[in-house]
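Inspection log for the structure reproduced underneath, given as structure tokens.
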4 protein chains.
Amino acid sequence: MSPRGGSPMGRVVSGPSATQRERRDAGPATTKGRQRRTEILAAARRVFEERGFVETRVADIVAAAQVAQGTFYTYFDSKDAVFAEVAQSVIDDMLAGLHAPRRPGAGPRQRVRDGLQRFIDAFRPNAVIIGLIEQVGTFTPEMRRLRLALRESFVAMSARGIVRMQTEGHADPDVDPLMTAEVLGAMVDQTCYVWFSLGKEFDATEVLDSLSLVWSRAIGLPEDGETPAGEPGDAAT
Amino acid sequence: MSPRGGSPMGRVVSGPSATQRERRDAGPATTKGRQRRTEILAAARRVFEERGFVETRVADIVAAAQVAQGTFYTYFDSKDAVFAEVAQSVIDDMLAGLHAPRRPGAGPRQRVRDGLQRFIDAFRPNAVIIGLIEQVGTFTPEMRRLRLALRESFVAMSARGIVRMQTEGHADPDVDPLMTAEVLGAMVDQTCYVWFSLGKEFDATEVLDSLSLVWSRAIGLPEDGETPAGEPGDAAT
Amino acid sequence: MSPRGGSPMGRVVSGPSATQRERRDAGPATTKGRQRRTEILAAARRVFEERGFVETRVADIVAAAQVAQGTFYTYFDSKDAVFAEVAQSVIDDMLAGLHAPRRPGAGPRQRVRDGLQRFIDAFRPNAVIIGLIEQVGTFTPEMRRLRLALRESFVAMSARGIVRMQTEGHADPDVDPLMTAEVLGAMVDQTCYVWFSLGKEFDATEVLDSLSLVWSRAIGLPEDGETPAGEPGDAAT
Amino acid sequence: MSPRGGSPMGRVVSGPSATQRERRDAGPATTKGRQRRTEILAAARRVFEERGFVETRVADIVAAAQVAQGTFYTYFDSKDAVFAEVAQSVIDDMLAGLHAPRRPGAGPRQRVRDGLQRFIDAFRPNAVIIGLIEQVGTFTPEMRRLRLALRESFVAMSARGIVRMQTEGHADPDVDPLMTAEVLGAMVDQTCYVWFSLGKEFDATEVLDSLSLVWSRAIGLPEDGETPAGEPGDAAT
DNA sequence: AATGAATGAGCTTTCATTCAT
DNA sequence: GATGAATGAAAGCTCATTCAT
């Protein structure tokens, strides 16, 4: 009934006229439009990183992007929607980083270390946004889904790695790959979170050493200079 | 701390009346008053658990506590203040749970398992609030401090445990107790978070098994039925 | 997700917290509250009459009522809601005015005239709001219902009057009471609308004369000094 | 005229560029241009009929017309302006319909009935827009003028018809032609409004019967099979 | 003449907090 | 101490209209 933007609920007749929404769904028609969209997205990410989700105002984003308030809504449905897009791009970026090719000819311990390094490298630049996804996930099912999807993906990948090492005879065949991947994933994930998102100061090498050691021992990789698990206990002799 | 914008006082800036502030500072004078305070605190916790911090309104709390809107401010400074108090009580409860006495005569693996069980048991009933502390920590330094304090406390305790086991000759003396406690703590913490706060369905025994195994192996405890590290097959000596 | 009032659609979690709404539904608890509510309602009516529905801002209403913007929402859900209440009270007032007691001993023509006079007297002070109900009815089903309910009520009453006169032998028994009441009602209604709402200047006596004449003739009442319809054409002799 | 608040120009106040305004004032220069204009006008009418004036967005109109947002302003000054044009064309159409030639050789009652039928036929296809004119009239003087002009025109025509019948000796010479035309016009107008615009379901024949009967009796036409007023039972002489 | 992106004033509604009773 | 009404700053979103291409 009320023609104005305000009146959010209890609208009797229509809502946002659907026409505006269509255009947003269609996406920018011109090159310049696509460019603007990207600019606003980038500005949004910057502001979110600086102020967090709750504290970010659309006004901050448009100020950072140097456009008018209305322009924002030419490209995005809402503050929630931009955040979802920023989050998605971060997740995509991380997943891409994780799937980097294995180094050929590396031993199992080295491969574990490489994998952890990749995770850390993928996490670090996205740490703030990942922290926000966590935060926002508390009140948005969609974000929670995204967050869990990233986890699952990482856990599944780790589990595959464990199975591969078991098949190759490097890793203890008795450990449950999925459950172990689950807790080791939690370890890595949370360590990075504390390190990069909460800002606890760690020494990069020490972290990598510790994570590598725990991971390797957990799945029963032979200590460096040891013969593979499952063989006589004569490793150090 | 409050993420809300509205500078809420009727005048431009004034603060509460002297009498009101005094009453708050003084704390409840009568038994009935103390009781009221407790009721409101309990109601607040319930509502926070149900709706999260951001979505909780003071109005919800007073409704749950069956008191008038104004009564809330007789006992608490602000919404943030009640949350801080709820959070503090949760942290206290957890710390108390963790410091439970060791079972006498248990072997090192059993002691690890017991410690993990204690953590899980302490975490479970407080999971939702812990998740909220995380959330609120994103915009509140005070909460962040609280959160990190809990971590430090747990990590320190774990590190002491590792050192003890190293001293006793059970654990690998070469692992860095602090750094290892750090990453293992991250593992346990995050696993519980995913399990209880995000609601991923885990089997209790499997979780405990996996965590115990990883923890034990990480610090080089001998496998069950094996002689301790440093003895017979004394690899690490 | 957005904690703020703005974010009107796409809200993921909750809406207005329900607590606010409950209080509004409950109605004012104190005498002072009831008084405030009435004041705002009166102010709203004044503003609506002055500016129309679309042009009225909640800001205008609160200014007229000399209260803060937020106070409005302590008592009413929305601009639409106040209007609905104003409209309802106008309709109630009109219906009450129409049901005034018949003058005893008046002839049928006089009774018709009295009825019309009552309608006019009931319409006049409510004319502006009735016009707005019409306007708002175009976009709100609820208002349309209200508007039609008033019509039905008036038509039904008129139809009963016609039937009574037919029974008494004054009115032509051959006219369809309902359909005739329908078109005569339309005549009266619209005449008042043009007169009071659109502001066309009519002479009160002339209007009443014309309406009375048309109405009376339509249902076949004998001309003044004539014998009732259905008898010989010797009326004027 | 626009009820919207937003002073919509990019700068504080500027007005359209000279070239744009000139083009609008000049009107379409090419055939294709005239065609475009017509298309947009038609689209506008369709959208107005579907959504009402307030709920119609310029965006809806251009979407329906399959042109760009800016194109609209090449041909029309504003949303209000298109509506005015749509309204004007509806009024013109109605007036044209009303002035259809009288059927030769018809008796007075038949002529009344014919006139009413013409009105109904002219009203029906334009009902929605007429309703909107009413609605918009509430906040636009220009529309109110248009609306009243239509009324006046119809009333004047009716009055002339009554005078003619009085002159011809068919109608009661004592009724005031103008005032009677006024209330009878109100009756017909409002009946059509309720029927076609508000959607109350009437039987076409019954409506026409009732309107005809009331109208005829109101101006004192002899009942069918009766001799004209002023003859035999010449009451009114 | 056509396009579609840009503009920004303006409105509604929420809710933490205060204060008179 | 308790009550509940009052406050008002703030923020999200819409959409008529303009203007650079």
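Over the whole of D:56-63, what's the average partner chain Cβ count within 10 Å per residue? Rounded to a whole number, please.
Rounded to a whole number, the mean comes out at 4.
Calculate the mean, over all residues of peptide D:193-200, of how many other protein chain Cβ atoms lie within 10 angstrom of the residue's Cβ. Kindly include the intermediate steps, with their values, before the conclusion.
Working: counts 4, 10, 2, 0, 2, 7, 2, 4.
Across the residues of D:193-200, the mean count of other-chain Cβ atoms within 10 Å is 4.
What is the distance in Å between the Cα centres of segment B:159-224 and segment D:107-174?
Going from one Cα centre to the other spans 91 Å.
State whether segment B:29-160 is rounded, prolate or oblate according to the following rule on the C-alpha gyration tensor (a ≥ b ≥ c being the square roots of its eigenvalues): a/c under 1.5 gives rounded; otherwise a/b larger than b/c gives prolate, and the remaining case gives oblate.
Numbers: a/c = 2.69, a/b = 2.05, b/c = 1.31.
Taking the square roots of the gyration eigenvalues as a ≥ b ≥ c, segment B:29-160 is prolate.
Excluding C:A64 itself, calculate the net charge of residues whose Cβ lies under 14 Å from the Cβ of C:A64, where each Lys or Arg counts +1 and each Asp or Glu counts -1. The partial results should precede the final answer.
Values: positive: C:R36, C:R45, C:R46, C:R51, C:R57, C:K79; negative: C:E39, C:E49, C:E50, C:E55, C:D60.
Result for the neighbourhood of C:A64: +1.
Expressed as a whole number of Å, what is the distance separating the alpha-carbon centroids of segment A:37-59 and segment B:63-101?
Value for the Cα centre distance between the two parts: 33 Å.
Can you give me the convex hull volume of the Cα atoms of the protein assembly as shown, divided per residue and expressed in Å³?
Details: hull volume 229.5 nm³, N = 948.
So the per-residue Cα hull volume is 242 Å³.
Pick from A:K79, A:K32, A:K200: which is most flexible by mean-square fluctuation in a GNM of chain A where alpha carbon atoms under 10 Å apart are linked?
For chain A, modelled as a Gaussian network with Cα springs under 10 Å, the answer is A:K32.
Shape verdict for segment C:82-218, please, from the Cα gyration tensor: rounded (a/c under 1.5), prolate (a/b greater than b/c) or oblate.
On the way: a/c = 1.96, a/b = 1.61, b/c = 1.22.
Taking the square roots of the gyration eigenvalues as a ≥ b ≥ c, segment C:82-218 is prolate.
According to a simple spin-label model (label point 7 Å from Cα along Cα-to-Cβ), what is the distance in nm between C:D176 and A:R164?
8.6 nm
For the residue pair C:Q110 and C:S153, what label-to-label distance in nm results when each label sits 7 Å from Cα along the Cα-to-beta-carbon direction?
So the label points at C:Q110 and C:S153 sit 2.8 nm apart.
Could you check the spin-label model distance between D:Q117 and C:E49? Points 7 Å from the Cα along Cα→Cβ, value in nm.
Each label point is offset 7 Å from its Cα along the Cβ direction, giving 4.7 nm.
For B:205-218, what's the mean count of beta carbons from other chains sitting within 10 Å of each residue's beta carbon?
Numbers: counts 0, 5, 3, 0, 5, 10, 6, 1, 11, 11, 3, 2, 9, 8.
If you average over the peptide's residues, the count of other-chain Cβ atoms is 5.
Tally Lys/Arg at +1 and Asp/Glu at -1 over every other residue whose Cβ is under 12 Å from the Cβ of D:R118; what's the total?
After counting each charged neighbour, the total is +3.
At 222 nm, what helix-only mean residue ellipticity would chain C give, in deg cm²/dmol to the nearest 500, using -39500 (n - 2.57) for each DSSP H run of four or more?
Working: 10 runs with 153 residues, N = 237.
Taken over chain C, the calculation gives -21000 deg cm²/dmol.
What full-extension length gain, to one decimal in nm, is calculated for A:R24 and A:A42 as 0.36 nm per residue of separation minus the Cα-Cα distance? Each step should come with its number before you reach the end.
On the way: separation 18, 0.36 × 18 = 6.48 nm, distance 1.77 nm.
Separation in residues times 0.36 nm, less the Cα-Cα distance, equals 4.7 nm.
If I build a Gaussian network model for chain C, linking alpha-carbon pairs within less than 10 angstrom, which residue out of C:A84, C:A181, C:A29 has the largest mean-square fluctuation?
C:A29
What base-10 log of the normalised intensity I(q)/I(0) is obtained for chain C from the Debye formula, alpha carbons as equal point scatterers, at q = 0.11, 0.17, 0.18 Å⁻¹?
Log10 I(q)/I(0), no solvent term: -0.70, -1.21, -1.31.
I want to verify a result. In a Gaussian network model of chain C, Cα cutoff 10 Å, which of these has the top mean-square fluctuation: C:G115, C:G169, C:G161?
For chain C, modelled as a Gaussian network with Cα springs under 10 Å, the answer is C:G169.
Only loop residues by DSSP count here, and only those with at most 11 other Cβ atoms within 10 Å; note down the GluC sites (Glu not before Pro) in segment C:107-214 that meet that. If you can, show how the numbers build up before the last one.
Numbers: sites: C:E134, C:E142, C:E152, C:E168, C:E182, C:E201, C:E206; in loops: C:E168, C:E201.
The qualifying sites are C:E168, C:E201.
Below 8 Å, C-alpha to C-alpha, sequence gap of six or more: please give me the relative contact order for segment C:30-76 in percent. Mind showing how you got there, number by number?
Values: 25 pairs, mean separation 17.2, N = 47.
Across segment C:30-76, relative contact order equals 37 percent.
Values quoted throughout were computed directly from the atomic coordinates according to the rules given, and no laboratory measurement underlies them. Every value quoted in this text rests on a predicted model; they were computed, and no experiment measured them. Quick reminder, even Gly has a Cβ in these numbers, built from the backbone with ideal geometry, and neighbours come from all protein chains shown.
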